[in-house]
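The values are calculated or read from the model by the stated rules, or taken from the named source; none is laboratory data. This structure is a prediction, so every number in the text was calculated from the model and none was measured. So basically every Cβ, Gly included, is an ideal-geometry build from the backbone, and we count neighbours across all protein chains shown. Side chains are part of the model used for accessible areas, which takes the heavy atoms of the whole protein and leaves out ligands, DNA and RNA. Shrake-Rupley method; radii C 1.70, N 1.55, O 1.52, S 1.80 Å.
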Amino acid sequence: MPTVKVDGQEIEVPAGATVLQACELAGKEIPRFCYHERLSIAGNCRMCLVEVKPGPPKPQASCALPATDGQEIRTDSEMVKKAREGVMEFLLINHPLDCPICDQGGECDLQDQSVAYGRGGSRYDENKRAVTEKYMGPLIKTTMTRCIHCTRCVRFSEEIAGVDEIGALYRGENMQITTYLEHAVKHELSANVIDLCPVGALTSRPYAFEARPWELKKTLGIDVMDALGANIRIDSRGREVMRALPRLNDDVNEEWLADKSRYAVDGLTRRRLDKVWIRQTSGENRGKLEAATWDDAFKKIKAAKPGKDIAAVYGDLLDCETMFAAKALLGAMGSTLIEGRQSGMTYDTSNLAAVNFNTTLAGIENADAVLIVGSQIRHEAPLLNVRLRKAVKRGAKVFVVGPEWETTYPATFLGNDLGVLNSLSSDVTDAMSKAERPAIILGGAALGRGALGKALALAGEWNVVREGWNGFNSLHFSASRMGGLMLGLAQAGGMADLIAAKPKVLLALGSDEVDFTKFPDTLKVFIGHHGDKGAHAADVILPAAAYTEKSGTYVNIEGRVQRSEKAVFAPGDAREDWTILRALADALGVTVGFDTFEQLRAAMFADTPALANEGLADFGMALPAGGGDASGEIAAYPVADYYLTNAICRASPTMQRCSAELLHGQDFAEAAE
């Protein structure tokens with residue numbers, strides 16, 4: 001390890017480290033605009049200048065200079081101070097003085113560093129240049145006159161997202177950052193360039209002029225728009241969620257966030273259920289929903305005399321506490337009919353290792369051969385696709401069974417027929433059997449067609465479980481799935497078991513994707529937060545809280561237990577789901593064993609100890625043997641429209657526009673057009 005001296009302090013640095021990294025290890029702050037830890041080195045902003053000996057008697061860019069043994073680095077010399085002042089003066093030559101109306105104000109690197117390292121004045125009096133605005137789609141607002149050409153957005157699109165949609169045109173003073181033919185940016189991670197932009201050139205279009213950062217309350221949360229459990233920060237003002245931003249977690253989402261997770265929050269204030277509704281069964285308003293009281297709703301449910309004939313379906317966005325409260329209520333009534341696979345998927349859940357993402361999200365980067373069966377990963381788990389890109393960059397081969405989709409990395413498609421798994425080509429079998437770290441990823445389109453047994457058999461044949469490596473992975477797309485399976489909330493026959501039981505009362509816990517026509521003679525009670533498909537079919541509607549309006553426990557696809565905090569209060573008469581189920585227990589005359597949220601959590605931990613500790617749950621390495629042949633054709637993937645997968649997204653005007661413009665090619669005229 002090289003030994004360097006930073007401002008007189010001698011330290012050892014890892015081989016291959018840069019001078020900038022060495023300075024940071026020594027506790028010195030180095031200003032930068034173009035450098036980012038997760039992007040390639042560009043070295044074009046020159047803000048990170050330091051003095052290095054031995055070397056030429058001039059400041060050097062520390063981000064692009066390797067740290068070598070015996071270097072003496074100065075970060076606080078007069079030469080460095082003057083150099084940084086000069087660089088900042090150059091950067092501000094053309095930058096407009098519009099901080100008061102810039103959405104980046106208050107969290108702007110250029111503001112902060114101009115105060116800390118600038119000279120406080122400019123010697124340039126020439127006219128500033130102006131750049132025409134670019135259109136980058138419904139999510140990214142551009143003010144390209146502010147751009148300082150750090151190229152972070154270009155490098156992110158090429159290296160992380162894998163979609164070459166942003167680049168630079170022209171040279172020198174005429175250089176401009178733009179999209180290809182000024183079309184919208186269409187990949188699912190596009191809005192991360194807003195976080196990366198160190199100035200106000202790229203800002204959030206839906207969030208424009210909405211709030212200042214110092215007005216917002218910041219709450220730690222977990223994203224529920226897919227099953228990855230990305231760590232987010234929920235920024236709220238009063239009772240309204242203003243935005244969701246990613247939090248750093250290298251094991252889960254690194255520092256990225258999918259567009260849907262970031263922008264669906266404007267659906268939290270629209271189409272909300274904020275009072276109790278009951279569908280009338282007689283009179284002139286027969287068949288219509290009318291506002292009612294909680295007592296009226298509970299009396300109607302009690303009048304159905306459910307007894308043991310009560311069932312529950314939990315939705316994709318639910319927390320473990322709500323699911324456990326439902327389990328406790330049904331258990332007290334003598335029923336075990338609870339299921340969450342709303343679309344009718346069935347697969348064996350007796351061994352959770354077979355339905356878990358065992359490689360872990362970070363671990364999949366080390367795979368050297370991957371077989372993906374029945375998953376459009378860019379839509380089901382965009383941040384997992386980023387990890388697979390890293391694996392491919394390291395030499396991994398990827399094979400896909402299912403309809404073709406744009407992977408952003410080289411992949412071999414083997415066709416739509418699952419029967420191909422019964423007689424794979426030698427290219428696939430050789431790559432998988434000879435790989436040091438082979439991985440299988442089984443998606444919803446395969447799980448729902450009974451391919452789990454064949455995939456497990458292939459896992460045994462290729463020895464994907466070995467010392468220090470478990471390459472068998474099931475990929476769910478619902479945030480509640482793994483938590484529900486850990487709580488034991490699954491039927492052997494899936495939804496078919498509930499339909500066959502013909503319950504008197506069906507509790508629909510935020511479940512908007514169920515075909516309620518299969519329950520014609522059942523009293524349907526919808527406990528949820530949006531007036532969506534479930535509410536339209538319900539006989540009784542009880543308004544509940546969304547994921548930002550309650551504390552909860554979530555388990556992601558790799559079995560990682562995470563906690564989310566309550567950011568805002570639910571609107572109107574809406575209540576947290578568990579309190580509704582607790583009150584319903586009283587109305588039905590049964591005891592569930594908890595009266596407070598703390599007691600509920602304690603009972604849940606006692607029932608399922610794996611949920612008590614945050615972090616990865618241990619399902620063991622042993623997989624069932626599997627067997628049988630796979631059959632059937634994958635005509636389509638489960639996620640038909642990436643931007644409209646749940647009730648919150650469907651209520652979001654931003655997600656509606658993204659779906660119309662980015663997926664379906666609809667044109668939107670600007671005001672001047």
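One table, with the values for the structure above:
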| quantity | calculated |
| --- | --- |
| Lysine pairs within the stretch 122-267, Cα separation less than 27 Å, 8 or more sequence positions apart or different chains | 10 |
| Shape box of the stretch 358-474 [Cα atoms, principal axes, largest first, Å] | 31, 30, 23 |
| log₁₀ of I(q)/I(0) at q = 0.08, 0.11 Å⁻¹ - the chain, Debye sum with one point per alpha carbon | -0.69, -1.17 |
| ³J(HN,Hα) computed for each position of the stretch 519-530 - Karplus, 6.51 cos²θ - 1.76 cosθ + 1.60, integer Hz, glycine/proline x | 10, x, 9, 9, 6, 9, 10, 9, 10, x, 10, 10 |
| Accessible area in the full protein assembly, largest first, 1.4 Å probe, for Lys390, Lys305 | Lys305, Lys390 |
| Cβ-based net charge around His476, under 11 Å, with every Lys or Arg adding one and every Asp or Glu removing one | -2 |
| Bins of 5 Å, starting at 0 and running to the largest distance - Cα pair percent for the stretch 40-173 | 2, 8, 15, 18, 19, 16, 12, 7, 3, 1, 0 |
| Relative intensity, log₁₀ I(q)/I(0), of the stretch 122-267 from a Debye sum that treats every alpha carbon as a point, q = 0.09, 0.14, 0.21 Å⁻¹ | -0.31, -0.72, -1.35 |
| Electrostatic dipole magnitude of the stretch 358-474 [Cβ: Lys, Arg +1; Asp, Glu -1; Cα centre; debye, to 20] | 280 |
| Along principal axes, Cα extents of the stretch 29-108, largest first, whole Å | 48, 30, 19 |
| Simple label model, 7 Å out from Cα along Cβ direction - Met175 to Asp7, nm | 3.0 |
| Magnitude of the charge dipole, the chain, Cβ model with Lys/Arg +1 and Asp/Glu -1, debye to 20 | 780 |
| Label-point gap, in nm, between Asn351 and Glu215 - each point 7 angstrom along Cα→Cβ | 5.6 |
| Long-range HN-HN contacts of Cys45 with modeled amide H, under 5 Å | Cys34 |
| Residue-span extension gain [Asp250 to Asn44] - 0.36 nm each, minus C-alpha spacing | 71.5 nm |
| Relative contact order computed over the stretch 3-93 (Cα-Cα under 8 Å; 6+ residues apart), in percent | 33 |
| DSSP-defined beta bridges in the chain - what % are antiparallel, rounded to 5 | 60 |
| With eigenvalues of the C-alpha gyration tensor scaled by 5 and rooted, the stretch 460-507, Å | 33, 13, 9 |
| Heavy atoms of Asp7 accessible to a 1.4 Å probe, total area in Å² rounded to 10 | 40 |
| Total formal charge among the other residues, if their Cβ is under 15 angstrom from that of Ala603, Lys/Arg +1 and Asp/Glu -1 | -2 |
| The chain - percent relative contact order, Cα under 8 Å, separation 6 or more | 14 |
| Charge context of Glu89, other residues only, Cβ under 9 angstrom, K/R +1, D/E -1 | +1 |
| Candidates per GluC sites (Glu not before Pro) in the stretch 201-256, loop by DSSP, up to 16 other Cβ within 10 Å | Glu210 |
| Accessible area in the full protein assembly, largest first, 1.4 Å probe, for Trp405, Trp277 | Trp277, Trp405 |
| When the stretch 213-285 is reduced to its Cα atoms, the Kirkwood hydrodynamic radius in Å | 14.4 |
| Sequence of Phe357, Phe569 from largest to smallest accessible area, 1.4 Å probe | Phe569, Phe357 |
| Within the chain, helix-based [θ] at 222 nm, where runs of 4 or more DSSP H residues each add -39,500 (n - 2.57), nearest 500 | -6500 deg cm²/dmol |
| Qualifying chymotrypsin sites (Phe, Trp or Tyr not before Pro) in the stretch 161-256, DSSP loop, other Cβ atoms within 10 Å at most 12 | Tyr170, Phe209 |
| Asp250 accessible area, 1.4 Å probe, all protein chains in place, Å² to nearest 10 | 80 |
| Label point distance in nm, Arg394-Asp667, each placed 7 Å from Cα along Cα→Cβ | 4.7 |
| Area accessible to solvent at Ser659, 1.4 Å probe radius, in Å² | 10 |
| Cα gyration tensor, the stretch 344-384 - rounded (a/c under 1.5), prolate or oblate | oblate |
